[in-house]
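Remarks on the structure that follows.
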């Protein structure tokens with residue numbers, strides 16, 4: 001089993017005193033009904049400093065998690081040394097195991113049915129994601145873009161201006177337990193005290209901190225929240241993208257705010273085990289899980305049209321429509337095959353998704369500090 005290849009996190013696996021060891025979890029934005037396609041959030045928090053990164057995902061899958069992890073590493077100002085997750089199917093995958101091995105990241109997991117093993121990220125799920133985003137259902141590209149804009153502003157506010165307490169020690173006297181905490185600090189302050197940043201990254205982050213206005217930033221977060229909440233799906237029916245206005249953007253007009261910190265030094269890939277080659281009279285056939293002809297090849301063009309018209313449709317609803325149009329051609333046992341084909345199609349579409357708009361706009365830092373601005377504001381009465 002794949003789980004047996006991933007060790008359970010213990011006190012000896014991580015050095016939690018230095019930045020770089022992070023817990024990760026997924027938060028589903030499905031509302032009261034976890035069916036169909038909906039947005040999700042990949043939450044990552046550094047255990048030593050409390051540095052938080054939230055990445056919006058178009059849907060909940062292992063491919064989206066791996067892509068979100070790559071995007072988060074471009075924003076984290078220190079190397080990622082360890083990753084600890086729960087036992088969800090989005091994390092316990094061959095792709096993530098291979099990625100962590102290639103990047104020399106210690107990959108561990110918690111014990112099954114012990115949510116407190118990821119206590120740090122579980123606390124941020126409620127204090128940050130649920131607090132600022134809520135419990136509504138979000139689906140579709142427009143809501144995804146708006147959620148991305150909210151997290152771009154939120155990461156600056158939480159990491160630079162939100163102090164938190166960190167437990168120093170516990171003292172037990174009889175049945176009474178006394179908890180002693182370190183002085184409250186922001187993640188940025190803890191990161192500076194750890195002395196792990198290079199001179200260039202430290203200079204750049206100091207410039208970002210000096211240029212930010214927390215009051216202005218919090219006001220922008222409120223505007224982005226209002227724009228996101230207007231995209232909440234009602235009864236699972238998302239609004240069409242044709243009737244939606246362009247998303248409210250968080251525009252950082254401060255030189256350096258938009259730049260991603262330099263990536264960690266490239267490390268050589270791990271040496272792979274060399275398998276001895278044998279001479280064969282004829283090449284062996286590749287062993288794939290799919291050994292039968294694809295039953296949906298003749299109707300795949302029609303299926304693609306349905307998916308492009310309504311990307312959030314489930315494979316079950318598409319399969320039901322196929323059975324109605326082509327009676328006695330598709331058996332119920334073929335539903336799983338269609339689910340695999342649609343999942344592969346969505347993975348291909350998301351890897352070719354045009355996300356150039358995700359990059360912040362950087363202006364020349366000629367007059368630092370400058371206030372942050374929003375490209376479009378939303379008034380309480382809905383006027384722009």
Yes or no: segment 132-144 includes at least one residue that is in a helix (DSSP H, G or I), over 17 Å from residue 40 (Cβ atoms) and in the same structural domain as residue 40 (by TED's automatic domain parsing). no
Condition check for residue 156: free of Cβ contacts under 8 Å to residues at least 40 places away in the same chain and crowded, with 20+ Cβ neighbours inside 10 Å: no
If you go through segment 180-198, how many residues are outside any loop (DSSP other than H, G, I, E, B) and either at pLDDT below 90 or surrounded by fewer than 18 Cβ atoms within 10 Å (Cβ to Cβ) (or both)? 10
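Yes or no, residue by residue, for (1) in contact with a helix residue (DSSP H, G or I) (Cβ under 7 Å, 6 or more places away or on another chain); (2) crowded, with 19+ Cβ neighbours inside 10 Å; (3) more than 22 Å from residue 45 (Cβ to Cβ); (4) assigned by TED's automatic domain parsing to the domain that holds residue 86:
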residue: 151; (1), (2), (3), (4): no, yes, no, yes
residue: 166; (1), (2), (3), (4): no, no, no, yes
residue: 171; (1), (2), (3), (4): no, no, yes, yes
residue: 178; (1), (2), (3), (4): no, no, yes, yes
residue: 200; (1), (2), (3), (4): no, no, yes, yes
residue: 208; (1), (2), (3), (4): no, yes, no, yes
residue: 211; (1), (2), (3), (4): no, yes, yes, yes
residue: 215; (1), (2), (3), (4): no, no, yes, yes
residue: 222; (1), (2), (3), (4): no, no, yes, yes
Taking the stated definitions as given, is residue 242 in a helix (DSSP H, G or I) and at pLDDT below 90? yes
Can you tell me which residues in segment 1-21 are touching a helix residue (DSSP H, G or I) at 6+ places or on another chain (Cβ under 8 Å) and at pLDDT 90 or above? 19
Can you name the number of the only condition in (1) over 28 Å from residue 316 (Cβ atoms); (2) in contact (Cβ under 8 Å) with a residue 24 or more places away in the chain; (3) out of contact with any strand residue (DSSP E or B) (no Cβ under 7 Å at 6 or more places or on another chain) that residue 122 fails? (3)
Within segment 97-106, identify whether any single residue is within 12 Å of the chain's Cα centre (by Cα) and outside any loop (DSSP other than H, G, I, E, B), and answer yes or no. no
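Conditions (1) at pLDDT 90 or above; (2) surrounded by 13 or more Cβ atoms within 10 Å (Cβ to Cβ); (3) under 29 Å from residue 59 (Cα atoms), marked per residue:
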| site | (1), (2), (3) |
| --- | --- |
| 282 | no, no, no |
| 293 | no, no, yes |
| 308 | no, no, yes |
| 321 | yes, yes, yes |
| 324 | yes, no, yes |
| 332 | yes, no, yes |
| 335 | yes, yes, yes |
| 338 | yes, yes, yes |
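The values are calculated or read from the model by the stated rules, or taken from the named source; none is laboratory data. Given the structure is predicted, the values throughout are model-derived calculations rather than measurements. Note: ideal-geometry Cβ built from the backbone for every residue, glycine included; neighbour counts use all protein chains shown.
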